[in-house]
1. Taking the criterion of being among the small types (Gly, Ala, Ser) and not in a strand (DSSP E or B), would at least one residue in the range 30-39 satisfy it?
2. Among residues belonging to the range 51-64 that are within 19 Å of Ser30 (Cα to Cα) and in contact (Cβ under 8 Å) with a residue 24 or more places away in the chain, point out the one that is surrounded by the fewest Cβ atoms within 10 Å (Cβ to Cβ).
3. Go through the range 34-48 and report how many residues are farther than 15 Å from Gly112 by Cα and at pLDDT 95 or above.
4. I'm told Gln114 meets every condition in (1) over 18 Å from Gly8 (Cβ atoms); (2) open to solvent by 40 Å² or more (accessible area, probe 1.4 Å); (3) out of contact with any Asp or Glu (no Cβ under 8 Å at 6 or more places or on another chain) except one. Can you identify the failing condition by its number?
5. Looking at the range 1-29 only, could you name the residues that are of a type in the set (Gly, Ala, Ser), under 30 Å from Gly103 (Cα atoms) and either open to solvent by less than 30 Å² (accessible area, probe 1.4 Å) or assigned to a loop (DSSP other than H, G, I, E, B) (or both)?
6. Does Tyr94 satisfy being open to solvent by less than 60 Å² (accessible area, probe 1.4 Å) and either closer than 30 Å to Ser119 by Cβ or without any contact (Cβ under 8 Å) to a residue 12 or more places away in the chain (or both)?
7. Kindly check whether there is at least one residue in the range 70-79 that is assigned to a loop (DSSP other than H, G, I, E, B) and either under 10 Å from the mean Cα position of the chain (by Cα) or hydrophobic (A, V, I, L, M, F, W, C) (or both).
8. For the range 80-111, which positions are of a type outside the set (Lys, Arg) and in contact with an Asp or Glu (Cβ under 9 Å, 6 or more places away or on another chain)?
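The values are calculated or read from the model by the stated rules, or taken from the named source; none is laboratory data. Keep in mind the model is a prediction, meaning the values are calculated, not measured. Cβ atoms come from the backbone with ideal geometry, glycine included; neighbour counts cover every protein chain shown. Quick note on the areas: whole protein, heavy atoms, side chains included, nothing else; ligands and nucleic acids left out. Shrake-Rupley method; radii C 1.70, N 1.55, O 1.52, S 1.80 Å.
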Amino acid sequence: QVQLVESGGGLVQPGGSLRLSCAASVSIFSIYAMGWYRQAPGKQREAVARITTWGTLNYADSVKGRFTITRDNAKNTVYLQMNSLKPEDTAVYYCNAERWESGTKKNYWGQGTQVTVSS
């Protein structure tokens with residue numbers, strides 16, 4: 001079992017920045033990958049950013065160049081630095097962890113944190 005606790009969401013003006021944090025209850029080294037998803041009203045949940053244990057990075061085209069996913073292994077925490085925020089970025093952001101257990105990939109999710117970009 002992996003518990004994920006997100007923080008850092010809030011209200012920000014267009015062009016502003018936020019940093020989301022996701023703290024895992026286990027060592028990140030025991031997790032295959034961690035990432036951030038988001039879901040806006042009326043839309044499907046979409047992958048935003050992902051980082052694997054070995055450092056592979058993936059970003060959605062819509063956020064590439066603006067968002068950066070990083071990790072702090074000592075704190076078992078991943079971050080999503082969001083710059084140049086746009087109203088289209090408004091969504092509930094969910095932390096995700098992928099973990100292989102007994103040959104099966106398991107997904108764990110945080111509770112979500114609201115990000116609202118509005119003037």
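1. Checked against the condition, which is being among the small types (Gly, Ala, Ser) and not in a strand (DSSP E or B), the range 30-39 yields at least one hit.
2. Thr53
3. 1
4. If we test Gln114 against (1) over 18 Å from Gly8 (Cβ atoms); (2) open to solvent by 40 Å² or more (accessible area, probe 1.4 Å); (3) out of contact with any Asp or Glu (no Cβ under 8 Å at 6 or more places or on another chain), just (1) comes out false.
5. Ser21, Ala24, Ser25, Ser27
6. The answer is yes for Tyr94.
7. no
8. Met82, Ala91, Tyr93, Tyr94, Cys95, Asn107, Tyr108, Gly110, Gln111, listed by residue number.
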